[in-house]
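The values are calculated or read from the model by the stated rules, or taken from the named source; none is laboratory data. Predicted, not measured: the structure shown is a model, and the values here were computed from it. Because the Cβ atoms are built from the backbone with ideal geometry, glycine has one as well, and the counts that use them run over all protein chains shown.
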Amino acid sequence: MTTLKISQLAVVIQDHTSKIDAYYLAEGIPSPSFDTDFPSDLPAHIRGCRNAILEATDELSDLMLGAAQLAEGSPPRVIAMYLWLLRNAKASY
């Protein structure tokens, strides 16, 4: 069975979120929030999970919007879409 990219990204988000949840629970760290005292000095493996989530959510958001709506967006999003297209065009050769 073929899985769509959006489902693959959702799995990445879920998997890494579960790892962060487990770490926070084990360490007694509260759920992420906008509090200024929220810990920012996380171990490398948790920072890696966080980065994977952020990248996957960005890509998922972009895919759900599609090229036309992204092009209507802010200049940084248009540049990001252009770079993504270039990167993926090179990968297909």
Among the residues of region 33-90, how many are modelled with pLDDT under 75 and of a type in the set (Lys, Arg)? 2
Within region 1-14, considering residues that are of a type in the set (Val, Ile, Thr) and in a helix (DSSP H, G or I), the one farthest from Gly48 (Cα to Cα): Ile6
Suppose we keep only residues that are within 11 Å of Ala52 (Cβ to Cβ) and not hydrophobic (A, V, I, L, M, F, W, C) within region 15-28. Which one would you say is surrounded by the fewest Cβ atoms within 10 Å (Cβ to Cβ)? Asp15
